[in-house]
Every structure is written in structure tokens, then in C-alpha cells.
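Undergrad: Dumping the structure here so I can ask a few things about it.
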Amino acid sequence: METKLSGRLAIVEQDDWLKPVEGAMTERYAHFCRRLSDIERTAGSLVDYANGYLYFGFQYDPVRRGWWFREWLPGAIDVYLFGDFNGWQRTELPLRRGAGGVWSIFLPDESFAGRLVHGSRVKILVHGRNGWLERIPAYIRRVVQDEQSKDFSGQLWAPAEPFDWNGDRFDISSLGSLYIYECHVGMGQEKEGVGTYAEFAGTVLPRIKEDGYNVVQLMAVAEHPYYGSFGYHVSNFFAPSSRFGTPEDLKALIKRAHELGLAVVMDLVQAHYVKNINEGLNELDGTDHHYSLPGPAGEQPYWDSKLFDYGKPEVEHFLLSNVKYWLDEFHFDGYRFDGVTSMIYTHHGYTEFDSRDKYFTDVNGDALAYLTLANKLVHDFRPGAVTIAEDVSGMPGMCLPVKEGGIGFDYRLSMGLPDYFIKTIREKQDGQWNMGRLYYELISRRPGEKNIAYCESHDQALVGDKTLMFRLADKEMYWGMNRGYENMVVERAVALHKMIRLVTIAAGGEGYLNFMGNEFGHPEWIDFPREGNDWSFAHARRLWSLAENGYLRYELLGNFDKAMIAMIKKYDVLEGGMPRCLRQHEDDQILAFEKKGCVFVFNFHPTRSQTGLFVPVPENGDYQVVLSTDDKVFGGYQNIDKTVIYHTWAHDPQMGDGFVIYLPARTAVVLRKVEKKKD
């Protein structure tokens, strides 16, 4: 890759809006180039540089026949290794300090054979400015919790036989458009307890496949001491959570997903880390500026966690090695990078991005350079892998190629859409929704940058908030979902739930995401075990049976989601670029647009059915409904006759040719031109 800037960046050349801030864009790229140049000069390549997981921690030396253990602790005064293999004698095995603050010890087989083995529990004792503390190694690959003491310790994880990846040749780039099913393994089962990797592979993966999704996005993979953090307060960045099983169980899950044709993307948390001293990285070498900047600059005040110092080479090396590790060791197919906005701004995104200058002030240049390196690493090491940015700011170039001056992500999450739907449902009465605003929110994205559309986030499913279905139906969900009884509140909720999903997937981006269970309107909220609920798992699970028992409306919503995904995939709608608006009418609450040959028509009005709605179309011919939210199998009234052929004609001189259609209130249909049969 050319790492010297010659001439104007392509991102600026192609966007006049960025020309006034060309200097900031140029420096952003130059910062990345400087870091990459330093890396390539010392390591040869970025891929070779990101091998910390093959050097630090426990590494077996087949020549000397024994285990090396290494840890970067520049501020430490004394360091010892101990565990069950030496009877937990804390000061028996001192490490030697080496260059750059790397401490090491060699444990020969002749002295430790039969004692230091696969599964041995280990810790390090670090003497630093904060005293003598028992800690867990930073690069440890498994962490377990003692059932009695509740203390965490590391484990030497070295199975005698490596995991059998034979036959695993999956490439996410072969899937085309991404239909992402966001999941949490622990709450993926219906039982009141923590689900396992094996249970998830056996019961949830087939559901995802059957529903038509092609990507599994796994939350809470890296070890975290508090289950209720949803996996976002990570303590051990190289250890898959032991709550759900062993590392081999996670590998088996991923291999099984690949066999089903499903990609697996990891929710990667590198925006911050847990404050815990006993389990995490915080003050690991005895200082407050080990993996963080010192003082308040190292704190994430809104999340009660610690920030990484992305400008420190050793921290950069740790995080880049972490990026490569999960791809290499576990065959993940890419990442959803959590908390990108918090990473790239010193205010962590807590501002209104209402002017161009806001994108280029209070910027953490080290974080931007790191993310650019991380994206380049992912695509250099696994060219087909996918990266997704959780960025609410809309930072220009986030999803443009690095060589053009971008940050290099493949997609950005359309984070404004869930907020828009929450605000609209909460503040606007039915019949007052602004169709122009809705369409603007759906198509509001930077040119050339791909987005993942979604209408509700996993945060809305948490206790204290509400999913779309719960917000629409509220307490009526408790008794109104029975299909044998009329309930106008629930019927309204069912109708809007389907329409919101359809308009989002059709116009909101180049990919689509759903959180598990939301497709069928999973009731209530997620409430992880905590003192306030007597440590109950009653709401930390998924009640799949609600959508399968045959007499509740949840099944109807699930039917629609499956049919919607199938239709969108059949006609490659997500690959159709930006939609083309055909008609908007505010009083009648009508929105119609075309994308990839599909004509989407929505009537959001609560009471006003359209008996002769004219829909202009870009191409003359005969059209037929291919999907209707009003089908009985989807919880509708079956008022749309899908056998009817709609003929285009010059009905309106201003809007051009089109067809006239009957469209009931709170109903959406998708039509396509009828292909003429060949003689």
C-alpha cells in the first residue's frame, strides 16, 4: 500500500463539502501513514506486527521443551507467577524484567511436567505503586470463576489436540448483502439460566438459518466479570466467556454456523475496558497510565469504565493483536466495532453534530489512526472479512477505503433510525407522522458509504426501555396477543410493527440487522440477574415458544419477518442503491418509492383507506403484489387480492404514468412488474 500522500485525497476530491476541512482530512490520513510506516519498518507488515498473542502469555517452546510466560508491565517493581501448579505459592517463581518493561519466566518440562498442564489455574502477583496485588495475565486465553469464593483466575489453555477446522473454508464475501441476526448466547435459550455455546449451535443457529438471515452477530464474547453488562465491560480480551462453555465450544459453534451457510461476526469491544482491579487491565502494572492515559483522560465517565491510550505503541500492539487473534484462532468473519463514536471524540459523542466543524474538533487522532490500522489489518489478513462501525456521529469517510482517505470500515450502523422511531411513536399521534421526515431519515447517509439499517436496538430491549412492540402495545401485550380475540391496541401494534420493519429494510441501508426475538415482537424486556430481582433469570432468556404455539400473534409477526426477508433477498433489494421516491402525501400518510424494480407503497394513516390511490412508476407495464402486510398469515385482514394485475396508464399529467390501487389503512404492499411469458 502506498503510504505517502501525493496530491489531494480522493475523499476530498469527490466531496466539495469536505474541501473547507481538507487540512484536517489530510492530517488524519498522514497520522495513519506515519504509524503504518513505523510498523512496517520494524515488523515488515501490519499482519506480522499483530502477533502479540503468539509471544505474550503462555507460549510453549518445543526446542527448550517448556513454557515461556511473558507480560508487559513497565511500571511493576516485582512480578511473580503462581497457581495450582505450584501449590499457590505466590513468591516462588519470580519473573525477570527485560527490555521495554516485558517480564518473563521459563518453566522447563523437567521441573513442571505433570504440574503445569492444560487447565492449570494461574495468576500473577504484581508489586507496584498500588501495592501487592494478585492479577490475571493480559493475554490469558481462558478465565474461570470459583463457585465458592467467586474469584476469577486464569487458565493455561492448551488442549492436547488442536481444534479440527478441517473443511472450514467459509467466506463471508460470498453472501452478498448482509442480513444480520444479533444474538447473546447466554440468553438464547428458553430455560431460566445461562445458555451455552453448544446449546446455541444446536437450537438457535437452525432458527436463524430458517428465518433467512445469513450473518450471526455475537455479543458478549470476550470475558466480562458482570453478566448484566451485556458483555460491554470486558476484563479479558483474549478469553471467550467461560459462562457459555470452553473455547473449543465457541469454535464448534462457528464451524457449525459456517456449515449452515451463516457467517459469524463478533461484537468487538475496544472502546473501553472494565475498571475492576481483580479481573481486568486497570492498573495492571501498578500505575493508572498502563493501558490508559493518566488521570481523568483515562476515564469514560458515562460508562464508568477505562479508556485505552491508542497512541501508546504497546497498547496499539495489544489491540491489533486482539483483532487478528479472533480472526485467526476462532475463524470469525469480521467485527462490529462497539463504541466507535466514544473512541474518536474526546467528548465521546455527547454533542450535537449540527455543523461541519463539529466533526473535526475534539477529535482523538490516535483513535482514528488506530481504527484505520485495525481495518487495514482485518482486510489484509482476511480479505473477505467485514467490519461494521457503531458510530452515531457520521464521521466523514468512516466507510470509505483507506487509500481514498477513509477509515476503512465496510458498513456503519444507521443508529439514527431506532432513535427516530422511538421519538416518533412516543411524541406523535397516529396520523401525524411526517412522511417527508421518515423518508429523509431512511435515506440520510453519506454518498458511497454503506449502512446497516435497523429499526430498534438491543438497548431498547433492556429493562427501563421498551422494544418497538412493547412501546406500541404496552400492557395490552399481556393479554391481547391471543389470536382468538379482537384487541384494537394490539392490532394497531402488529400492523405498525410490520410496516416499520418493511420500510426500514427497504430504504434504510445496504444491510439489515435484527436483535434476536424482536422479529416476532418478544414481550417485555431483558433484565439480567441482579440483586434487585433476586438474581432471577426469568427475563434473561428468549421465549421462542411464544412464536410457535399456534394461538398467539407472535407467530404471525414471525411469519411476516420470514416472508419479508425472503422477498428482499429474492429481488436483491439491498443491492439496489438509494431508493427513488415516487409519491409522498402528508395528509393521507402515504409514502411510495421504488428500489431494484420493487415498488413499495405504505399507508400509515390509522383510519383512511385509499380506494383509488394513484402510484406513479418509472416503467410502464403490468404490476402485481408480491408482499402484503395485510395477509391473514401475517395478522392482517386479507383485504388485498394478490391475484389482481394493475395496469399502468396516464392517470395524472403531473406525476406521469402509473397504476391505481386499493390500500387499506395501516397497510403496506410491494409490487413488481409482471414478466411477460415467452412464446
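The values are calculated or read from the model by the stated rules, or taken from the named source; none is laboratory data. Remember, predicted model here, so these are calculated numbers, not experimental data. Positions of Cβ are generated from backbone atoms using ideal geometry, with glycine treated the same way; all protein chains shown enter the neighbour counts. The area values use the complete protein model at the heavy-atom level, side chains included, leaving out ligands, DNA and RNA. Shrake-Rupley method; radii C 1.70, N 1.55, O 1.52, S 1.80 Å.
Undergrad: State yes or no: is SER321 farther than 18 Å from HIS224 by Cα, crowded, with 22+ Cβ neighbours inside 10 Å, polar (S, T, N, Q) and over 18 Å from the mean Cα position of the chain (by Cα)?
TA: Working: farther than 18 Å from HIS224 by Cα: yes; crowded, with 22+ Cβ neighbours inside 10 Å: yes; polar (S, T, N, Q): yes; over 18 Å from the mean Cα position of the chain (by Cα): yes.
Taking the combined requirement at face value, the residue satisfies it.
Undergrad: Find the strands (runs of 3 or more DSSP E) located wholly in the stretch 556-663 whose residues include 1 or more that are free of Cβ contacts under 8 Å to residues at least 12 places away in the same chain, and list them. Show your work before the answer.
TA: Numbers: elements: 580-585, 590-595, 598-603, 610-616, 622-628, 645-647, 649-652, 656-663.
In the stretch 556-663, 649-652 are the strands (runs of 3 or more DSSP E) which contain 1 or more residues that are free of Cβ contacts under 8 Å to residues at least 12 places away in the same chain.
Undergrad: Take the residues in the stretch 635-677 that are open to solvent by 70 Å² or more (accessible area, probe 1.4 Å) and of a type in the set (Asp, Glu); name whichever of them is nearest to LEU591 (Cα to Cα).
TA: Checked the stretch 635-677; the qualifying residue nearest to LEU591 (Cα to Cα) is ASP641.
Undergrad: Quick check on my filter: what residues within the stretch 625-634 are under 21 Å from GLY484 (Cβ atoms) and open to solvent by 20 Å² or more (accessible area, probe 1.4 Å)?
TA: LYS632, VAL633
Here is a yes/no grid of residues against (1) assigned to a helix (DSSP H, G or I); (2) touching a residue at least 40 places away in the same chain (Cβ under 8 Å); (3) buried (at least 16 other Cβ atoms within 10 Å of the Cβ):
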residue: GLU71; (1), (2), (3): no, yes, yes
residue: VAL79; (1), (2), (3): no, yes, yes
residue: GLU110; (1), (2), (3): yes, yes, no
residue: ARG115; (1), (2), (3): no, no, no
residue: HIS118; (1), (2), (3): no, yes, no
residue: PRO137; (1), (2), (3): no, yes, yes
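Undergrad: Under 6 Å by Cβ, and 6 or more places apart or on different chains, what pairs join a residue from the stretch 495-518 that is within 15 Å of ASN214 (Cβ to Cβ) with one that is open to solvent by less than 10 Å² (accessible area, probe 1.4 Å) and of a type in the set (A, V, I, L, M)?
TA: That search, which allows pairs on different chains as well, returns ILE505/ILE568; GLU510/LEU574; GLY511/LEU178; GLY511/ILE452; TYR512/ALA453; TYR512/ILE505; LEU513/ILE180; LEU513/ILE452.
Undergrad: Do the conditions hold for ARG64, that is, is it open to solvent by 60 Å² or more (accessible area, probe 1.4 Å) and either within 28 Å of VAL122 (Cβ to Cβ) or assigned to a loop (DSSP other than H, G, I, E, B) (or both)?
TA: Numbers: open to solvent by 60 Å² or more (accessible area, probe 1.4 Å): yes; either within 28 Å of VAL122 (Cβ to Cβ) or assigned to a loop (DSSP other than H, G, I, E, B) (or both): yes.
So ARG64 passes the test.
Undergrad: Then there's this: How many of the residues in the stretch 546-589 are farther than 18 Å from VAL494 by Cα and of a type in the set (Ser, Thr, Tyr)?
TA: Count: 1.
Undergrad: Continuing with this model, one more query. Of (1) open to solvent by less than 10 Å² (accessible area, probe 1.4 Å); (2) without any contact (Cβ under 8 Å) to a residue 12 or more places away in the chain, SER355 satisfies all except one. Which?
TA: (1)
Undergrad: May I ask you to list the residues in the stretch 19-61 that are closer than 29 Å to GLY154 by Cα, not in a helix (DSSP H, G or I) and not polar (S, T, N, Q)?
TA: Correct list: ALA50, TYR55, PHE56, GLY57, PHE58, TYR60, ASP61.
Undergrad: Is it the case that the stretch 174-192 has a residue that's loosely packed, with under 15 Cβ neighbours inside 10 Å, more than 28 Å from GLY509 (Cβ to Cβ) and among the polar types (S, T, N, Q)? Lay out the reasoning, then the answer.
TA: First, pick out the residues of the stretch 174-192 that are loosely packed, with under 15 Cβ neighbours inside 10 Å: 174, 176, 190-192.
After this cut, where a residue has to be more than 28 Å from GLY509 (Cβ to Cβ) as well, the list is 190-192.
Remaining after also requiring among the polar types (S, T, N, Q): none.
No.
Here's the yes/no breakdown for (1) at positive phi; (2) β-branched (Val, Ile, Thr):
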position	(1), (2)
LYS596	yes, no
PHE614	no, no
ASP622	no, no
GLN638	yes, no
THR643	no, yes
THR648	no, yes
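Undergrad: Looking only at residues in the stretch 222-279 that are within 24 Å of ILE208 (Cα to Cα) and polar (S, T, N, Q), which one is surrounded by the fewest Cβ atoms within 10 Å (Cβ to Cβ)?
TA: Across the stretch 222-279, the extreme among qualifying residues is SER242.
Undergrad: Would you check if there is a residue in the stretch 387-410 being assigned to a helix (DSSP H, G or I) and under 20 Å from ALA506 (Cβ atoms)? Steps first, answer last, please.
TA: Just the residues of the stretch 387-410 that are assigned to a helix (DSSP H, G or I), to begin with: 402-404.
Filter once more, keeping what is under 20 Å from ALA506 (Cβ atoms): none.
No, the conditions are met nowhere in the stretch 387-410.
Undergrad: Which condition number in (1) open to solvent by 60 Å² or more (accessible area, probe 1.4 Å); (2) polar (S, T, N, Q); (3) in contact (Cβ under 8 Å) with a residue 12 or more places away in the chain is the one that THR42 fails?
TA: (3)
Undergrad: Here's another thing I want to ask about it. When you go through TYR213, TYR197 one by one, which is the residue that is under 21 Å from the mean Cα position of the chain (by Cα) and closer than 15 Å to ALA263 by Cβ?
TA: Working: TYR197 fails: closer than 15 Å to ALA263 by Cβ.
Only one candidate qualifies: TYR213.
Undergrad: Considering the stretch 570-624 alone, what residues qualify as being in contact with a strand residue (DSSP E or B) (Cβ under 7 Å, 6 or more places away or on another chain) and open to solvent by 70 Å² or more (accessible area, probe 1.4 Å)?
TA: ARG580, GLN584, THR611, GLU619, ASN620
Undergrad: Then there is this: Quick check on SER149: is it hydroxyl-bearing (Ser, Thr, Tyr), assigned to a loop (DSSP other than H, G, I, E, B) and at pLDDT below 95?
TA: Answer is yes for this residue.
Undergrad: Continuing with this model, one more query. ALA374 - would you say it is in contact with an Asp or Glu (Cβ under 7 Å, 6 or more places away or on another chain), of a type outside the set (Asp, Glu) and at pLDDT 95 or above? Spell out the reasoning first.
TA: Values: in contact with an Asp or Glu (Cβ under 7 Å, 6 or more places away or on another chain): no; of a type outside the set (Asp, Glu): yes; at pLDDT 95 or above: yes.
Spelling it out, it is not the case that ALA374 is in contact with an Asp or Glu (Cβ under 7 Å, 6 or more places away or on another chain), of a type outside the set (Asp, Glu) and at pLDDT 95 or above.
Undergrad: For the stretch 653-673, name all the residues that are of a type in the set (Lys, Arg) and on the phi < 0 side of the Ramachandran plot.
TA: Passing the criteria: ARG672, LYS673.
Undergrad: Return the total of residues in the stretch 399-409 being on the phi < 0 side of the Ramachandran plot and either buried (at least 24 other Cβ atoms within 10 Å of the Cβ) or of a type in the set (Lys, Arg) (or both). Walk me through it before giving the result.
TA: First, pick out the residues of the stretch 399-409 that are on the phi < 0 side of the Ramachandran plot: 399-404, 406-407, 409.
Next, only the ones that are either buried (at least 24 other Cβ atoms within 10 Å of the Cβ) or of a type in the set (Lys, Arg) (or both) stay: 399, 403, 406-407, 409.
The qualifying residues number 5.
Undergrad: Does GLY154 meet the test of being touching a strand residue (DSSP E or B) at 6+ places or on another chain (Cβ under 6 Å), crowded, with 20+ Cβ neighbours inside 10 Å and either over 17 Å from ASP249 (Cα atoms) or of a type in the set (Asp, Glu) (or both)? Show your work before the answer.
TA: Numbers: touching a strand residue (DSSP E or B) at 6+ places or on another chain (Cβ under 6 Å): yes; crowded, with 20+ Cβ neighbours inside 10 Å: yes; either over 17 Å from ASP249 (Cα atoms) or of a type in the set (Asp, Glu) (or both): yes.
In short, yes.
Conditions (1) under 21 Å from the mean Cα position of the chain (by Cα); (2) modelled with pLDDT under 95; (3) not in a strand (DSSP E or B), marked per residue:
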residue: LYS475; (1), (2), (3): no, yes, yes
residue: TYR478; (1), (2), (3): no, yes, yes
residue: VAL494; (1), (2), (3): no, no, yes
residue: ALA506; (1), (2), (3): yes, no, yes
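Undergrad: Would you mention how many residues in the stretch 376-386 are within 15 Å of the chain's Cα centre (by Cα) and either part of a strand (DSSP E or B) or free of Cβ contacts under 8 Å to residues at least 60 places away in the same chain (or both)? Quick ask: steps written out before the conclusion?
TA: The first filter runs over the stretch 376-386 and keeps only residues within 15 Å of the chain's Cα centre (by Cα), leaving 385-386.
Narrowing the set further to residues that are either part of a strand (DSSP E or B) or free of Cβ contacts under 8 Å to residues at least 60 places away in the same chain (or both) leaves 386.
Here the count works out to 1.
Undergrad: I would also like to ask the following. crowded, with 24+ Cβ neighbours inside 10 Å and over 16 Å from PHE332 (Cβ atoms), is that true of VAL215? So that I can check it myself, show each step before the final result.
TA: Values: crowded, with 24+ Cβ neighbours inside 10 Å: yes; over 16 Å from PHE332 (Cβ atoms): no.
In short, no.
Undergrad: Let me ask you something else. Collect the residues in the stretch 257-292 that are outside any loop (DSSP other than H, G, I, E, B), farther than 16 Å from HIS224 by Cα and either at pLDDT below 95 or under 20 Å from the mean Cα position of the chain (by Cα) (or both), keeping them in residue-number order.
TA: Taking the stretch 257-292 first, the residues outside any loop (DSSP other than H, G, I, E, B) are 257-259, 263-268, 273.
Right, trim to farther than 16 Å from HIS224 by Cα and you get 257-259, 263-265.
Matches in the stretch 257-292: ALA257, HIS258, ALA263, VAL264, VAL265.
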